[in-house]
Structures are given as structure tokens and as C-alpha cells.
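Since the structure comes first, as C-alpha cells, the remarks are kept for the end.
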2 protein chains.
Amino acid sequence: MRASVLSDWLAQRLDRGSAQPVYRQLHKLLQQAILSRELPAGARVPSSRLLAAELGIARNTVTQVYEQLVLEGYVTSATGRGTFVADTSPDEIVGAAEIGSMQTRKKFGVSGAALPVGEVATNSHRAQGAETLAAAAPAAAAIGMESATQAQRPTARALSARGTRLITSAGVSKRQGGAFMPGVPDVSRFPARVWTRLHNKYWRSLRPDLLTYAPGGGLALLRHVLADYLRTSRSVRCSPEQIIITTGIHQSIDLAVRLLSDPGDTIWTEDPCYWGVRSVLHVSGLNTRPIAVDTEGLNPSADDFTAPPPRLMLVTPSHQYPLGMVMSLARRRMLLEYARQHQCWIIEDDYDSEFRYGSRPLASLQGLDTAGQVIYVGSFGKTLFPGLRVGYLVAPEALAESFATASAELYREGQLLQQAVLAEFIAEGHFTSHIRKMRALYGQRRQVLLDAVSRRYGDALPAMGGDAGLHVVMQLPEGSDDRAVAEAALARNIVVRPLSGYYSSRERANPGLLIGYACVPDEEIAPAFDTLAEAIDTTLPAFA
Amino acid sequence: MRASVLSDWLAQRLDRGSAQPVYRQLHKLLQQAILSRELPAGARVPSSRLLAAELGIARNTVTQVYEQLVLEGYVTSATGRGTFVADTSPDEIVGAAEIGSMQTRKKFGVSGAALPVGEVATNSHRAQGAETLAAAAPAAAAIGMESATQAQRPTARALSARGTRLITSAGVSKRQGGAFMPGVPDVSRFPARVWTRLHNKYWRSLRPDLLTYAPGGGLALLRHVLADYLRTSRSVRCSPEQIIITTGIHQSIDLAVRLLSDPGDTIWTEDPCYWGVRSVLHVSGLNTRPIAVDTEGLNPSADDFTAPPPRLMLVTPSHQYPLGMVMSLARRRMLLEYARQHQCWIIEDDYDSEFRYGSRPLASLQGLDTAGQVIYVGSFGKTLFPGLRVGYLVAPEALAESFATASAELYREGQLLQQAVLAEFIAEGHFTSHIRKMRALYGQRRQVLLDAVSRRYGDALPAMGGDAGLHVVMQLPEGSDDRAVAEAALARNIVVRPLSGYYSSRERANPGLLIGYACVPDEEIAPAFDTLAEAIDTTLPAFA
């Protein structure tokens, strides 16, 4: 394209009525012309004065576009000689076929690891090196050869093996609403006014130290307040230095697993257990060994004990998730003893320990541990609101500093202002007062639900696990299809989860439904349960 | 201990002057007596009436303590017969030596996978099974045998191999303050008033959907606003569905790496590169292949090209981190072509692209990609404030849904209220206006710093990489010890980072200092640089 041809080509394409500024349009059109080689490498572009005149636009606009194109490497500008289209063809991919092609490689500026003192990075080096261009043909041949080996990687340009496993086994639901969704607290009762008051207070102070990255482990104040809380409420033995603030259970477990285990290691998990945890474990290369639970919690079989000892165990002693039983003291001591003998780590997920109806919460497993082998994890997701994303981990004393370092290194956390708000919220007593209120509220809703269940089904379909937490498990007769029931319920806008989905395999699964009562207003529970019962009766005709 | 002996023992230990309630003291003392076998299994504890009288405390207190101990499995209560100390010795670890020992195992309630309908979890089952107790001796023998095999696991009860590597190579600093800390924006200029106004508005509405878990990918409104922003400002080709909101670069890279690669896969990284990224990659099992950079950015050698192609590449084309050069168009096209031929993924970290002085930001590499092989990542950590923890990832169209699912499954994100605030902050124009202001401010500080450097050292120690970002790199003479200089500076409360720490090895490293100017007030820059110069001159006497 000669200069005037280029002007015509541009004039035809510039749209003065467009919302896009002329500057941007011209920039894009020139890029396009260069990339498509309509403006070939080495061609001289019209002077800014000439082009501006031919297009009837401000010269300054053209100058700015040219400057941007120089910066981006599309054109090069030689003082007094004009502006030329740069060679934007891809750099050669050297050496794939023969190392000898190294000599023919395009070289601009200084390449290699050594960085010359005084060399400032700009693209204008390309102009200086333009005469050393070599043909691209050998590279193409090299690519052809490589493509043959490429065929041996069938999974290329798709998800990885671990990614595929993650996606195909994902348990996360896209549903956000609907009655009986398990694990969702009633956030409408959250003391938003107190929270925003504290929030505004910290924002007004505009303390830079609260707006930057978190030191490893989180805000010192929150770690202190939490250590006090966990010592008195959960009998956890810890100093503030052992507390690591995380974004929740997922991150706490991710951190512990990465620090304490290697790919190929085994972890004992409860069967059934929380679906989300399995993905976190698998993606870190762990093999899970599902261990059955009975009325006393984790119940390893003779086979489990004869197998090579695991590196880690993950348990929910306070309130087995999702079934709700409490791990007996004898079982706790057995686990601690086994872990001590076999040098394994125990991750104690103290899920839902705050919401216990009719009895004080049990002391933590960590508090019984004298060997520093328990990692205690918990979160504020259920006690305050899930979207808060604040959890914590209590590291063994000997590893506390490593955990803090690893947390900062891996996650580069922040959110310190929110942590300050939370610390003050706890220190001022709002946290325990909120828990007390919510426990009363949830206890009442739980009772309404249990009444509705027994009124409808008597002993035929008993509900269990309701001593604590935010859901009950309604058992279904052996052999019944709880997924089908859950789907029938979903069609009626009732969100329950099939219990079988929490087991490691269909063979080991017991059918049942997780029914979350916490976020359903009292008066809606019985009607919603009637709707659920309709779904049950339709799907399991024996109960109709 | 007989009943009266127990009362005496308790009376001696109860401290009525203590801040700890009598209830809690009594509970702990009884636990202690039982665990230590001073109160042996099977012993009858005094009635609550008797014990209360002997201790001179309310009977109700004793009753509550007993109830708690029953719940915890320390004592069992048989109606009409009294309360007895339970057997709290650890359950036997069966089968380790011989499966035959299975028969002697303690069994309470129903064990095994089958969960009986109607069985509600309590610890009272222990009482019923108390007569089937077996001796613990065989288990001890079994443990002894296992301990022998245990000796073959030298790393047990320590950090894992990946954990050890993570901790020993951690680059994170505990320092939070001090002049010249690189990568820290000036948060004191953040428009806190606007932010809190929006924040309060959303809290007032108390929308439950903003307080719960995030749907995969984040808040729809923010994804829309961001897609618009990235399309117009960074020439990124994307729909809102391709945007995944993350907590920052670390999580974005973690997500991409886990979905797209498997342990043992290779990733090309720039040498030097951001220290934090290496840890994230290694902990996911990737092998990094450090690729030298030159003035045009990533510059693979013939050896790199002849090696088996990597699964992933991680590049910073807009502004190489930490050196600051812009990747040339030819190099970009070469990378895209190589990735297309060899089916690798490119992660484009668009670090600091917003802070470019004297020129418009360059278009993204993602915008040049026609094969859907680029994953674009960015964050608001530098443009707003680091503690915000909001980043984003633009997934290839074909994988957008998988990325959203994996994000929810792995991280269980929330923070939707904050995302709503951010979306409105951007939509109302505060974001671009803030960037504009900060760019002017940082540009000015950068100039003050560059002037100070050249006034002191002329061409001897040039500063580079200052065209964009929040730091410059001052090069030190070949062979000089930049770590020693940084330490000498730290002793003077000046926080600079040694450039050599960003390289994959000491052999490939060039010495230099990263000097962050963004959060140093204008008038403090020259004095702080004088202090830094003192440290340089002391450590490198040639420059004194």
C-alpha cells in the first residue's frame, strides 16, 4: 500500500459517527493493516502531517497513534528519516530441529540472562537489529517435527487429570436459595448496625497498616482474642502465636495438607464427610481412605489398622459432619494414641461446635492432645455469615511459625481491617451474645422441623444428628434413591441434599436427606416440610 | 477413692476466690480424677445431693457437671442405680498384629458402615457395653510392632517434603513498614469516604444473597463491570462469564495451575520473576524452567526450545516483573505460535499495567490470542489497596464454566458484599479517577527518586524499569552483594529488596535493588535515598 492508498483504506474504515474515539479506531486499523501484512515490514508510513490532512483529523491524534505504535513495536521511528513498519512476524522458535539454527536466530538488543547495566527496555531495539533478520522456514519445519511428538499428549489443551477429576466430582451447587438448604445460617439476624459502626470507625482512622498485606497468621489483635475464646469455650490449648487466620475451612485444610503431607500420602477421612473437603484433598495429591463412622464417631476396622498408617486424619469429633454424632472419649483417646504411635497428624474440624442444643459444647480433641499432633480448624462462616470468609487454624506449637510463614507465602492474605472489626466485635461481647440468640432461634426451628417430621412419618423415617448444627438428617429406607427424592424436592423449590452424596461410594452409602432448618422462618417450616413430604411420597410410593 | 475421700480431695482443690466459676472447676477436677484413674472405671460417684452438701455448693451445679460428664463419656448414669465412672481407656487399636484380635475388640452400639435407622448418637452406649471390655495388652504389642516399621519414615511428624521446601525458600518478609518497600501503593490516598458510603448502603439493605457463599466466579455485577473495563482498557477479549473473581494473583495462578496441569508438569517462568509465584507453583507439584529475559521480555534459548515443551508458561508481558521491560510484539507472536503448536497454556500476569508513565498501557497478550490459550490474570491490590484481596482471571471461553465450578469447589468464596461495593465503585467512575490521580502522584515520586539516583551516582548505577509500576530497579556493579546492601539498608530502616533474590539461582542473578517509591511522601524520598546511599557506599566501598 502506498501512502495515498493507505489513506483511502483508512478513510473508508474510519467511522466518525461511532462512539469509539477516532484515536482508538485509527490505532486499531493500523495494527490490523500491519498484522495482516497489508502494510508490509519496512514500508514507510505517511508523515503525521500528511495523514492527518488526508483523513481530515487533528495532527496530534495521528502523532499520538504513531507514538503508541512505536511503543508497541508495530512501527519504528528513525529521526529525520520517517516512520517505518516494523517486522512484527513472530520471533523464530529456534533449536527445535537443530541447534545449528541458533546462528540464524533474530537477535535484538542483548539477550540471555546477563542484563547489561544501563540498558533500558524499549522496543526500539528492533529497528536497530532489523537487518539481521533470518528466514522463518527452518522454524516451521521444526514445529512440524514437534507436532508429531505432540500427538502423544492426548490431554494437551484440555483440563489436567487432577482438574478433570475436580470438575467431574464437584459437589458444589449453583443453587443459592430455597427452603432447607443445609449449612446456611440465617444472616438476616446479623447485627449489621454494630458491625458497620465498627467498620466505619476503622475506615475513618484510615490506618495504612490495616489496608496492606497481612503478616503471616493474620492480625495480632484477632489472634489474641481468638486464643482467649478457644481456650475458654473449646478447651483448646493455644497461644495467640499458634492461631493462623485463614479464609475458612477450605484454606485451613489446604494449608495443613500442603505443609504436612506430600502427593501420594494417605489421609483418613470420615465416611460420610463434607463433600468440599474431598476436592481440596485430592487436588493436593492425597489418597483418601474413607473410614466408616458409627455412633461413637470414626470407627476404623481391622483392615484400616493393618494398612500402612496414614499421614493425616481428618475428623469432626464435636459433631460428625453430616450425621451429627459426638465422638466418644474412648474413641478420641484411641485416635490420639494411634496417631502418637504412628506419627500421624490429626486435623480436627470443629464444625458447628457452637450450635449445640440442650447441652454445653464438648471440649475439643485438641485439648486432650499432649503430643502436639492435632491441628484444630474452625470458622465464623456459620456463627456470623458465610460470606465473611474468616476461619482459623490452631497449629501445633512447634510448627506455629512455619504455618504463619507458609500462609503468607502461599496466599498473601490481607483483609486486616475486617479482622480488626471482627476482633473488636468479639472483644465487646457481640459475638457470644449473637451466638446465644441464634442458638435459641435455631433450637426453636429445629424443634418445629422435628415435630413436623414425626407428625408425618412417626418412627418410619427418623431424623438424627439434630443435637447440634444447622441441619438434621432424615433417614430413608434402605435401598431408596435419595438423589431422586432431592430432585423431586428441587422441582418444588425445596433444596435438600441427598445423604448418599456424602459417602465415598454408592456401595457404602446410606440414603437420607440433609434438611437445613436454620434459614427457614419458623412459620414456613411446616408448610415447606409438607412440600418436601410430597416429593418423598411421590418418589418413594411406599410412604404415600 | 471412696465418696468422702473424693469430697475431701475436691474440697481441697476448689478455689472459691477464683475467677473461674465453681461449675467449671468441679468439671475439670472430676475429668482429671477420672483420666488419671484416681477415680477408677466402675467406681460409683457420690449422689449430687451428697456431694453438694459436702462441698457446700448448689446441688444444681453438681447435677449440671454430672450431666456434662455423662455427655462427654466420663461417667454413666443408670436410673435408680447411681452414677458410675465410665471406662475411658482408649479403644483398642485392632488388627495391627493379628486379625484374630478382632474378636476381643470393645464394641459399643453398632459399628461399621451400616447406620441403623432410628439410632441416635449418644455416648450412653458405652454403659451398655461395659461388661464386654477386653484387655488392652494385645493392642500395646501391636503398637510395638508397628513402631518398628515406623522407623522407615524419617520425615514423620515433621513438615512434608513440599512443606519443607516451601518454608526454606519462602521469600515473604515480616517487615510491614519502612521507606522504599517495593510493591506497596500509597493507601492513604484511597477514597475511603466513597468506599464506606457504598459499603454502608449495601449493609443497610442487608441482602442475604450478598452475605452467603459466592456463586462460582463471583458476583455477576462485578464480572460484567470488569469485562467492560478489561475490554476497553486492556483489549482483553472476554464475556462476563469468562471472568472469575479471585482473592488475588496467588489464587488466580493456583486455580489455573491446578486445573490445567498435573504434578511433574513443567512451567516456563521468567528469570527473574515474582518470588511468591514460585512457591505457589512448586507446592502444586510443578517443575519450573526459568527462562532468561532480555530487553524484549521472555527469551527462550535453543536449549529451552529443544527441551520437551512445557505445559504452561507464566509471563508478565506488559511490564516484566521485576525488571520492567515490555514484551515486544514479535516475541508475543512467537510465544502465541509456540503455544499453539505445542498445546501449552500461557498465563499472562498483567501486573502493574495501569501505572504506566508517559504512554498508554499496551494491549494485553490475551487480546492477540486467537486460539483460546491465554489465561489473563490481574488484581486490584496495587490500584486500590493490597488488603482488599480482589483479583480476577479471564478463562478461555471453552473452559469458563469449569473455572467457575473449580473456584467454588476449591475455595468456597464469599465476600459478595465487598464485590458489590467494588462493582459500583468502578461503575460510578471512582476507579478510573483514582488511578488517574495515583498515576500522577506516583509519576512525580518516581521522578524525584530518579533525580536523586542520578544526582548521586550519575551513570554509574543506573535505574531501570521505571516506565511503569511502583518501583525502579537500581543496578549494582556485577559481582556486588545486593543482599548485604539490603541488610545494611534495613539496619537504617530502609526496606529495599535485593534483585538477586528474584532469580532462580545465584549463578544467573544480576545484582540490584528494587526501590519502591509509591508509598514514600515526596519530601521524604531524597532524604531516604541519602540514607540508602549511605548503606550502598558502606557495603560497596568502590562507590564511597
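Rg and Dmax of the range B:342-462, both derived from C-alpha coordinates alone, stand at 18.6, 55 Å.
In the range B:404-425, the residues whose accessible area drops by at least 30 square angstrom when the other protein chains are added to the isolated chain are B:Thr405, B:Glu409, B:Leu410, B:Arg412, B:Gln415; the probe is 1.4 Å and only protein heavy atoms count.
How would the range A:191-428 be classified by its alpha-carbon gyration tensor: rounded, prolate or oblate, with rounded meaning a/c under 1.5 and the a/b versus b/c comparison settling the rest? Prolate. Sequentially through the range B:267-276, phi angles give Karplus couplings (6.51, -1.76, 1.60; θ = phi - 60°) of 10, 7, 10, 6, 10, x, 8, 4, 4, x Hz, Gly and Pro residues having no value and appearing as x.
Summing +1 for each Lys or Arg and -1 for each Asp or Glu, what net charge is found among the other residues whose Cβ lies under 11 Å from the Cβ of B:Val520? Don't skip to the end; give the middle numbers.
Details: positive: B:Arg445, B:Arg446; negative: B:Asp186, B:Asp522, B:Glu523, B:Glu524.
Net of charged neighbours comes to -2.
Look at where the Cα atoms of the range A:246-272 and of the range B:394-446 average out, and the two centres are 29 Å apart. Once the chain from A:Arg165 to A:Asp8 is taken as fully extended at 0.36 nm per residue, the excess over their C-alpha distance is 51.0 nm. Placing a label point 7 Å from the Cα of B:Lys201 along the Cα-to-Cβ direction, the distances to the matching points in the other copies come to 2.6 nm, shortest first. May I ask you to derive the FRET efficiency for B:Asp530 and B:Arg197 from their Cβ-Cβ distance with R0 = 35 Å, giving the value to the nearest 0.05? Computed FRET efficiency for B:Asp530 and B:Arg197 comes out at 0.25.
With an 8 Å cut-off on Cα pairs and a minimum separation of 6 or more residues, tell me the relative contact order of the range B:191-428 in percent. Could the numbers behind the result be given before it?
Values: 422 pairs, mean separation 73.2, N = 238.
In percent, rounded to a whole number, it is 31.
Computed on the range A:482-531, with alpha-carbon pairs under 8 angstrom and 6+ residues apart, the relative contact order is 32 percent.
If a/c stays under 1.5 just call it rounded; otherwise compare a/b with b/c (prolate if a/b is bigger, oblate if not). Do that for the range B:1-75, with a ≥ b ≥ c from the square roots of the Cα gyration tensor eigenvalues. Judged from the Cα gyration tensor, the range B:1-75 comes out rounded (a/c under 1.5). Length available on full extension from A:Tyr457 to A:Arg24: 0.36 nm per residue minus the Cα-Cα distance, which gives 148.9 nm. A simple spin-label model places pseudo-atoms 7 Å from Cα toward Cβ; at A:Leu50 and B:Ser233 they are separated by 3.8 nm. Relative to the other identical copies, A:Ser4 shows label-point distances of 12.7 nm, where the label point lies 7 Å from Cα along the Cβ direction and values run shortest first.
Could you sort out which of A:Lys201/B:Lys201; A:Lys382/B:Lys28; A:Lys382/A:Lys437 sit more than 19 Å apart by Cα distance in this structure? Before the final figure, lay out the partial values.
Details: A:Lys201/B:Lys201 16 Å; A:Lys382/B:Lys28 29 Å; A:Lys382/A:Lys437 13 Å.
Listed pairs above 19 Å: A:Lys382/B:Lys28.
Excluding ligands, DNA and RNA, the accessible surface per residue across chain B is 37 Å² with a 1.4 Å probe.
Roughly how much accessible area, to the nearest 100 Å², goes out of reach of solvent when B and A pair up, both sides summed, probe 1.4 Å?
On the way: alone 27230 and 27230 Å², together 40180 Å².
The contact between A and B buries close to 14300 Å².
A Förster distance of 56 Å, applied to the separation of the beta-carbon atoms of B:Arg37 and A:Arg204, puts the FRET efficiency at 0.45.
For the rotational copy relationship between A and B, the axis lies nearest to a chain A beta carbon, identified with its distance in whole angstrom as A:Pro263, 3. The orientation-averaged projection of the convex hull spanning the C-alpha atoms of the protein assembly as shown amounts to 48.6 square nanometres.
Report, as a whole number in µm² per second, the diffusion coefficient that Stokes-Einstein gives for chain B at 25 °C and 0.890 mPa s using the Kirkwood radius over alpha carbon pairs. Please list the in-between numbers first.
Details: Rh = 28.7 Å.
After rounding, the answer is 86 µm²/s.
Summary for B:Leu35: label point 7 Å along Cα→Cβ; distances to the equivalent points in the other copies, ascending, 6.8 nm. Using a 1.4 Å probe on the protein chains only, how many percent of the accessible area of the protein assembly as shown belongs to carbon and sulfur? In the protein assembly as shown, the share of accessible area belonging to carbon and sulfur is 52 percent.
For chain A, the mean residue ellipticity at 222 nm estimated from helices alone is -13000 deg cm²/dmol, where every DSSP H run of n ≥ 4 contributes -39500 (n - 2.57) and the total is divided by all residues, rounded to the nearest 500.
The values are calculated or read from the model by the stated rules, or taken from the named source; none is laboratory data. This is a predicted model, so every value here is computed, not measured. Quick reminder, even Gly has a Cβ in these numbers, built from the backbone with ideal geometry, and neighbours come from all protein chains shown. Heavy atoms of the whole protein, side chains included, go into the accessibility calculation; ligands, DNA and RNA do not. Shrake-Rupley method; radii C 1.70, N 1.55, O 1.52, S 1.80 Å.
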